[in-house]
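Read-outs throughout are calculated quantities, based only on the coordinates presented, and are distinct from any laboratory measurement. Remember, predicted model here, so these are calculated numbers, not experimental data. Don't worry about glycine lacking a Cβ; one is built from the backbone with ideal geometry, like all the others, and counts go over all protein chains shown.
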Amino acid sequence: MPKRPCALEITKDSVTIISADKFGDVYSLPLIASETAAPKEVSRESSVISERPFKPAANELTIHSQRNRKALANQKRQALTGAEKTGPTFEHSLLLGHVSLLTDVKLAYSNGKNYIITADRDEHIRVSRGTPQTHIIEGFCLGHKEFISRICIPKERPDLLISGGGDNNLFVWRWESGELISGAELKSYVGTVLFSGKEAEEQTALLGSTKIAVSGIFSAKISSEGEALSTVIVTCEAVPALFVFSLTRENTLQYKQTLNLPGNALSVVTNLVASETAVPLNKLIVSIDNVFKPGSTSEVRTLGDETATPLLSFHFGNGLWVPETVFEKSIAKDIENRQAGNVNIVALKNLLYGIENLRKRDNEDRDEGVVTEVGSAATEDRNGGGEIDPHQAALDEDSTING
């Protein structure tokens, strides 16, 4: 891909991949490349960066914010490398772009029409038409005050969208109209996990200074006593727990349960079915970080610590999720790799924990410009009067996350 993807979706017909990258672009490409179709010819102009020396339009006298100065320095540093970069030669199409860092993408369907919903670092959820009219913006869901890292559309409630990020709450939207329906508090449940065992007064003080970053929102359709229930499972970066909510008929998220884990939650798979009968199993599988200590992104477990399992499954019964299966083979292989010294700790940290880096620093909004809403569209000025390429901000963030 032109840039490292950060979110993927597959169309309803299982033919096309929708890929989003942090630089704000969304592409489509075939899930399975045609054997008969020849690869697209890539011209030198489109695949190779110009050999002429690069000279930024801005200089130290025309920029003022610290972030733009850093972006300018990165541009100059890249120009000095003079490396020739080639673009992808396989079939792919650019569908739409964001000025800000793009964090997630979802495909939505309503009344026979398809839509692409994207979220970004600048608190926007954008609703665009699907192919072939992706350049048309239908509207926005506006209400977040911090970055948005994850969005989710429950399969059994396709008219709703759930979002979360750097805010203390989760939000429920009617995405087609941009209406904010309800919110659900999340931070206090995270604090209960992180500060368990501490005195109430100390817990309150610690919670006040804690910031959370939602790393995953997953919907699960489960069956209980013949009734279909809509469940939402939420994970937060560097938090060893799953937070379970019920999506009610009134379109609100009702807290149900916290599932404590032996390590930080990484990702969740839901809606598992039996391989032969396709009957729902009421199960979920969670992947767990067993390299870093629970609640930390820097402290590494000792080699003798085998309490964390990299995979764990839960089963829903009698109204609650209960732990079920430990994947012993995965545990043995992971211990073997760590003992052999095959784990690059710095690279692993950069790979697993980058969401909190999306949070803006103090006064960053004032440094980078303002957003003005015009009808259902938004115009943005975030590049210092047009002097710094807005995609350079994504490059700056990418280099930060990758160390």
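Extending 7 Å from the Cα toward the beta-carbon at both N357 and S188 defines two label points whose distance is 3.4 nm.
One decimal place: the segment S65-V279 gains 71.4 nm when fully extended, by the rule 0.36 nm per residue minus the C-alpha distance. At R0 = 35 Å, how high is the FRET efficiency between E227 and T297 if r is their beta carbon distance? Nearest 0.05 is fine. Efficiency at R0 = 35 Å is approximately 0.30.
Take 231-238, 207-214, 186-193 and order them by the average number of nearby Cβ atoms within 10 Å per residue, most first; the result is 231-238, 186-193, 207-214.
Here each label is just a point 7 Å from Cα along the line to Cβ, and for N344 and S93 those points are 3.7 nm apart. Restricting the GluC sites (Glu not before Pro) of segment 171-201 to loop positions (DSSP other than H, G, I, E, B) with no more than 13 neighbouring Cβ atoms within 10 Å leaves E199. Relative contact order of segment 85-186: 18 percent, from C-alpha pairs under 8 Å at least 6 residues apart in sequence. Ordering 18-28, 255-265 by mean Cβ neighbour count within 10 Å, with the highest value first, yields 18-28, 255-265. Per-residue Karplus couplings for segment 133-148, computed as 6.51 cos²θ - 1.76 cosθ + 1.60 with θ equal to phi - 60°, are listed in order as 10, 5, 6, 8, 8, 7, x, 10, 10, 10, x, 5, 10, 10, 4, 10 Hz, Gly and Pro entered as x. Each label point was placed 7 Å from the Cα along the Cα-to-Cβ direction; for L31 and Y109 their separation is 1.2 nm.
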